[in-house]
Every structure is written in C-alpha cells, then in structure tokens.
Amino acid sequence: MKKNIIIAIAAAMLTAGTTVCHAQTQQKPQTEQQQEPVYEQDKVDKRAEFTGSMLQFMMQNLKFPKEAEKAGASGTVRVHFIVEKDGTLTDVKVPDSVHPALDAEGIRMVKAMPKWQPAQLKGKAVRSKMMLAIPFRLK
C-alpha cells in the first residue's frame, strides 16, 4: 500500500512538473501597460532618471567577469531597456555585443537596479526607451 502511494505521489509530481515547465515556455500575453507607446527621451517633457547615485550603484554592483578578463576583452557595453510608467525596467538587451560575458554582466547589472523615476509627458508618467553605456576596462 505504501509503495502505491509513493508511486502515485511521484507520478503526480512528475506530471505537475511537466505542466509547470510547459506553461512557463508559452508566451505571456502583453499587459495593458506594455501595449502603450514607448517614447524616445527627446520626445518627453521630463526624462526618466535613476533614483540615487548611478556612479555609486555601479561601483558597488559591477563586476568584471573572469571569463572576459582571461580573454583580455574590454569595451563599452550599451544596454538598451524600457523604463515603465511604474519605474520598473523591462526589455533589457544588448543589441551590439562586445563580449558575451561583458554583455551578460551589463544586463545583470541593469536588471538589478532599483526602480527609476519614469519619464513624464504632459504631467503623466510614460514608458520611455533608455540606453546605458557601461565601460569595462582592464587595468
């Protein structure tokens, strides 16, 4: 009897795990916020701003990847993202790769940032495109 219960529980867990994995790979529908227009920084009344000191945040959080260091890679990673109306950052990407490890570190750092102050247009928060240039230099 105990063996049957254990087998049934294990089978249920495997089935549930498969269902969860399958559900996570499906595309999520766009939220209402993501359907609104995204403005360029020169088209808004007030640009989106990082909350606090960007320099301090970068100094505390940026790590030079060992893989890039071993390869002697350096350069400026340009991370593009959207500042949502609530200040969260979405669609974080590096369109022009410098080095895979440096690109990944730039993306990781931007995703770790606290909420920003969103851009403003006619007194209302709007979604806006941003680009952050992150220099990686070997000493």
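Among the residues that make up the range 63-71, is at least one of them more than 17 Å from K115 (Cα to Cα), assigned to a strand (DSSP E or B) and not polar (S, T, N, Q)?
Within the range 63-71, none of the residues are more than 17 Å from K115 (Cα to Cα), assigned to a strand (DSSP E or B) and not polar (S, T, N, Q).
Looking at the range 33-55, is at least one residue closer than 20 Å to I134 by Cβ, open to solvent by 90 Å² or more (accessible area, probe 1.4 Å) and modelled with pLDDT under 95?
yes
What number of residues within the range 115-139 are touching a residue at least 60 places away in the same chain (Cβ under 8 Å), open to solvent by less than 60 Å² (accessible area, probe 1.4 Å) and either closer than 15 Å to E49 by Cα or β-branched (V, I, T) (or both)?
So the answer is 10.
Looking only at the range 109-128, how many residues end up being basic (K, R) and touching a strand residue (DSSP E or B) at 6+ places or on another chain (Cβ under 9 Å)? Reasoning before the result, please.
Keep residues of the range 109-128 that are basic (K, R), which gives 111, 115, 122, 124, 127.
Those still in the list that are touching a strand residue (DSSP E or B) at 6+ places or on another chain (Cβ under 9 Å) too: 111, 115, 127.
Of the residues in the range 109-128, 3 are basic (K, R) and touching a strand residue (DSSP E or B) at 6+ places or on another chain (Cβ under 9 Å).
Looking at H99, H80, which one is open to solvent by less than 50 Å² (accessible area, probe 1.4 Å) and in contact (Cβ under 8 Å) with a residue 12 or more places away in the chain?
H99
Of all residues in the range 95-133, which are part of a helix (DSSP H, G or I) and under 13 Å from the mean Cα position of the chain (by Cα)? Can you show your working first?
First, pick out the residues of the range 95-133 that are part of a helix (DSSP H, G or I): 100-111.
The answer is D103, A104, E105, G106, I107, R108, M109, V110, K111.
The values are calculated or read from the model by the stated rules, or taken from the named source; none is laboratory data. Note that the coordinates shown come from a computational prediction; the quantities given were computed from them, not determined experimentally. Here Cβ is always computed from backbone atoms with ideal geometry, including for glycine, and neighbour counts include all displayed protein chains. The protein model used for the area step is the full one, side chains on, heavy atoms only, and it has no ligands, DNA or RNA in it. Shrake-Rupley method; radii C 1.70, N 1.55, O 1.52, S 1.80 Å.
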